[in-house]
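*Asks:* Structure in structure tokens, see below.
The values are calculated or read from the model by the stated rules, or taken from the named source; none is laboratory data. Note that the coordinates shown come from a computational prediction; the quantities given were computed from them, not determined experimentally. Don't worry about glycine lacking a Cβ; one is built from the backbone with ideal geometry, like all the others, and counts go over all protein chains shown. Just the protein is used for accessible areas: all its heavy atoms, side chains included, with ligands, DNA and RNA removed. Shrake-Rupley method; radii C 1.70, N 1.55, O 1.52, S 1.80 Å.
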Amino acid sequence: MIAIIDYRAGNLKSVKKAFDFLGVDSKVVASPDELIDVDKLVLPGVGAFGAALEKLHQLNFFQFVQQWIQQDKPFLGICLGMQLLMEGSAESPGAHGLGFIQGKCLRFDRGKVPQIGWNQIIIKGKSNLLHGIEDRTYFYFLHSYFVQPDDESCISATAEYGVNYPAILKQGNVYAVQFHPEKSSDAGLKLLKNWIEKC
Amino acid sequence: MLAIRIIPCLDVDNGRVVKGVKFREIRDAGDPVELAAMYNRQGADELTFLDIGASYQSREIMIDVVERVSSEVFIPLTVGGGIREVSDMRRILNAGADKVALCTAAIKNPSLLAEGAEIFGSQCIVLSIDAKRHGDSWRAYINGGRIDSGIDAIEWARQGEKLGAGEILLNSIDMDGTKKGYDLELNRTLSEQVNIPVIASGGAGTLEQMYDAIQMGKADAVLLASLLHYGEFTVKDIKNYLKAKGVRIR
């Protein structure tokens with residue numbers, strides 16, 4: 001069973017609807033108590049870094065998620081859910097992220113911010129998540145901050161928006177995407193299907 | 001690199017897509033879910049739904065439309081029309097919309113932009129401006145383009161950005177439905193004054209005019225309604241044309 005963590009941050013239902021569309025069982029969970037029969041975890045999210053962390057703590061998800069990813073269990077972070085893997089963010093100085101990946105999130109300092117729209121990913125390395133997805137495929141991005149890992153070996157794809165920044169991170173079974181696969185039409189559905197079946 | 005977006009706009013009244021000229025002469029243009037699925041197949045980058053029905057009943061039907069569209073079509077959805085408070089935003093976002101567009105309500109109550117951005121994030125908040133030329137400048141209109149708010153449209157866009165809007169949907173009342181092209185001067189002037197994306201709307205009649213909106217009007221996206229609904233062009237036609245002209249599209 002796939003669980004989508006509901007920490008009251010934006011449009012979580014789209015991810016659920018995408019899984020429904022793909023014919024895969026999933027559930028939106030509002031408390032760690034509901035995660036007993038779960039083998040894959042999605043951390044979606046839009047909104048601010050600090051506010052999201054507060055919610056994760058409030059709902060007792062923070063520790064659960066931290067342990068989950070440290071145990072290398074199947075995980076997909078989407079957008080803010082990717083940024084939360086980092087230690088911190090320029091968006092919310094002083095807020096401590098999950099700290100699974102060393103480094104922080106920075107704000108775009110060129111072009112219009114937020115970046116809103118379809119951008120191409122540049123694939124850096126082979127990954128099951130990208131099975132059948134070509135280099136320079138467009139995905140839908142919507143963000144003002146991007147992750148900057150200290151160790152770049154976890155970057156499996158980048159995108160360009162004034163700077164080259166990570167579009168996909170992979171460390172073991174922990175995957176994270178800066179774009180919204182649930183809003184990226186056929187390419188996004190393909191990526192979600194890959195994650196369900198191959199990751 | 002970021003692609004220029006082509007966004008079909010569906011004006012919805014009591015669950016049906018309609019299209020008027022200069023905010024008048026409303027005609028039926030089809031079922032919203034069917035049209036949404038068709039535009040997705042054609043390669044639309046996003047969809048915008050504007051609820052133009054003023055009634056409570058129309059609002060309720062809109063929620064259902066958003067629920068159904070977002071279960072079948074996996075591209076971003078913006079919904080506008082009749083959003084007056086944070087609870088309206090929440091309902092629409094919960095139904096499956098990704099962004100809400102605010103026009104009249106934002107002018108009457110600018111703090112709504114700030115509240116919305118604070119709770120849902122700026123990326124959720126689209127400031128919709130219905131602009132009409134007054135001599136050398138433009139005024140923001142409210143109530144479906146019927147009432148002059150007296151506020152300068154460009155100044156309002158700047159203020160909206162400060163308050164937390166993540167995007168501007170700029171509709172020219174003068175050009176809307178005329179097919180004579182976008183108000184390029186309005187688009188360029190406003191686009192240069194804000195640091196958030198601007199969506200050009202109102203007036204498209206030819207492919208070249210869309211190209212002009214991007215090149216000369218500095219639009220980050222173009223919004224289209226009647227040209228698409230009545231089948232004069234498909235999204236694919238538009239994208240093929242723009243691509244041939246060197247515009248980056250998906």
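*Asks:* For residue B:27 and residue B:57 in one chain, what is 0.36 nm times their gap in residues minus the Cα-Cα distance, to one decimal in nm?
*Replies:* 8.8 nm
*Asks:* If you don't mind, another one. Shape verdict for segment A:2-198, please, from the Cα gyration tensor: rounded (a/c under 1.5), prolate (a/b greater than b/c) or oblate.
*Replies:* Here segment A:2-198 falls in the rounded category.
*Asks:* Using the structure shown, list the pairs from A:112/B:99; A:27/A:198; A:27/A:170; A:16/B:19; A:124/B:218; A:13/A:190 with a Cα-Cα distance above 28 Å, or answer none.
*Replies:* A:16/B:19; A:124/B:218
*Asks:* Could I ask something else about it? When 1/r is averaged over all different Cα pairs and the result inverted, which Kirkwood radius in Å belongs to segment B:51-148?
*Replies:* 14.1 Å
*Asks:* Now a separate question. With only Lys, Arg, Asp and Glu charged, each at its Cβ (+1 for the first two, -1 for the last two), find how big the charge dipole of chain B is about the Cα centre; round to the nearest 20 debye.
*Replies:* The calculated dipole for chain B is roughly 400 debye.
*Asks:* Additional query: Taking a ≥ b ≥ c as the square roots of the Cα gyration tensor eigenvalues, with a/c under 1.5 meaning rounded and otherwise prolate when a/b beats b/c, else oblate, which class fits segment A:156-199? Don't jump to the answer; show the numbers that get you there.
*Replies:* On the way: a/c = 3.07, a/b = 1.30, b/c = 2.35.
Since a/c reaches 1.5 but b/c is at least a/b, the shape of segment A:156-199 is classed as oblate.
*Asks:* 5 Å is the cut-off here: which amide hydrogens, built 1.01 Å from N in the peptide plane, fall below it relative to residue B:51, excluding neighbours closer than 5 in sequence?
*Replies:* Amide H neighbours of residue B:51, under 5 Å, 5+ apart: B:12, B:80, B:81.
*Asks:* Anyone know which of B:146, B:59, B:188 comes out most mobile in the 10 Å Cα GNM of chain B?
*Replies:* B:146
*Asks:* Among A:88, A:45, A:111, whose mean-square fluctuation peaks in a Gaussian network model of chain A (Cα, cutoff 10 Å)?
*Replies:* Looking only at A:88, A:45, A:111, the largest GNM fluctuation is found for A:111.
*Asks:* Taking H placed 1.01 Å from N in the peptide plane, check which residues at least 5 places from residue A:167 or on another chain put their amide H under 5 Å from its amide H.
*Replies:* Residues meeting the amide H criterion: A:157, A:158, A:159.
*Asks:* Could you work out Rg/(2.2 N^0.38 Å) for chain B, with Rg from alpha carbons only?
*Replies:* Details: Rg = 16.4 Å, N = 250, 2.2 N^0.38 = 17.9 Å.
Expressed relative to 2.2 N^0.38 Å, the Cα Rg reads 0.91.
*Asks:* Continuing with the same structure: Note the buried accessible area between A and B here, summed over both chains, with a 1.4 Å probe, in Å² to the nearest 100. Each step should come with its number before you reach the end.
*Replies:* On the way: alone 9120 and 10930 Å², together 17360 Å².
Summing both sides, the interface buries roughly 2700 Å².
*Asks:* Still on this model: Taking Cα pairs under 8 Å and at least six residues apart, what relative contact order does chain B come out at, in percent? Show your work: numbers first, answer last.
*Replies:* On the way: 534 pairs, mean separation 46.8, N = 250.
RCO, chain B: 19 percent.
*Asks:* Rounded to whole Å, give me the distance from the Cα center of segment A:49-110 to that of segment B:176-250.
*Replies:* 38 Å
*Asks:* Something else: Taking R0 as 41 Å, what FRET efficiency do you get between residue B:143 and residue A:8 from their Cβ-Cβ distance, rounded to the nearest 0.05?
*Replies:* Once the sixth-power term is evaluated, E becomes 0.80.
*Asks:* Restricting things to Cα coordinates, could you compute the convex hull volume per residue of the protein assembly as shown in Å³?
*Replies:* 128 Å³
*Asks:* For the charge dipole of the protein assembly as shown, defined by +1 on Lys and Arg C-beta atoms and -1 on Asp and Glu C-beta atoms about the Cα centroid, which residue among B:36, B:126, A:12 has the Cα displaced farthest towards the positive pole?
*Replies:* B:36
*Asks:* Whole-Hz ³J(HN,Hα) for each residue in segment A:123-140, computed from phi via Karplus 6.51 cos²θ - 1.76 cosθ + 1.60 with θ = phi - 60°, x for glycine and proline: what do you get?
*Replies:* So the J values, rounded to whole Hz, are 7, 9, x, 5, 7, 4, 4, 9, 4, x, 9, 7, 4, 6, 6, 7, 10, 8.
*Asks:* In segment A:1-36, which residues become less accessible by 30 Å² or more once every protein chain is in place, relative to the chain on its own, using a 1.4 Å probe?
*Replies:* A:11, A:13, A:17, A:21
*Asks:* When the accessible area of each residue in segment B:113-152 is compared between its chain alone and the complete protein assembly (1.4 Å probe; ligands, DNA and RNA ignored), which residues differ by at least 20 Å², being lower in the assembly?
*Replies:* When all protein chains are present, B:120, B:123 each give up 20 Å² or more of accessible surface.
*Asks:* Now, a different point. Using amide H atoms built 1.01 Å from N in the peptide plane, name the residues 5+ places from residue A:27, or on other chains, whose amide H lies under 5 Å from its own.
*Replies:* Amide H to amide H, under 5 Å and 5 or more residues apart or across chains, residue A:27 pairs with A:2, A:3, A:4.
*Asks:* Could you give the C-alpha radius of gyration of segment A:9-56 expressed as a fraction of 2.2 N^0.38 Å, taking N as the number of residues it contains?
*Replies:* Relative to the 2.2 N^0.38 Å estimate, segment A:9-56 comes out at 1.24.
*Asks:* Per residue, what volume in Å³ does the Cα convex hull of segment B:43-95 take up? Walk me through the numbers before you get to the answer.
*Replies:* Details: hull volume 3.8 nm³, N = 53.
That works out to 71 Å³ per residue.
*Asks:* If you don't mind, another one. Using a Gaussian network for chain A with springs between C-alpha atoms less than 10 Å apart, which of these wobbles most: A:120, A:63, A:171?
*Replies:* Per the Cα network of chain A with a 10 Å cutoff, A:63 tops the list.
*Asks:* Could you name the aspartates and glutamates in cross-link range of residue B:132, using Cα to Cα under 17 Å and dropping any fewer than eight places away on the same chain?
*Replies:* B:148, B:152, B:155, B:174, B:176, B:183, B:185
*Asks:* Here is a follow-up. In whole Hz, what ³J(HN,Hα) sequence does segment B:91-107 give by Karplus (6.51, -1.76, 1.60; θ = phi - 60°), x for Gly and Pro?
*Replies:* Those phi angles translate into 4, 5, 5, 5, 6, x, 6, 9, 9, 10, 9, 10, 10, 4, 4, 5, 6 Hz.
*Asks:* Let me ask you something else. Mind listing the phi-derived Karplus ³J(HN,Hα) values for segment B:197-213, rounded to whole Hz, using 6.51, -1.76 and 1.60 with θ = phi - 60°, and x for any glycine or proline?
*Replies:* So the Karplus estimates, Gly and Pro as x, are x, 10, 9, 7, 9, x, x, 5, x, 9, 5, 4, 5, 5, 4, 4, 4 Hz.
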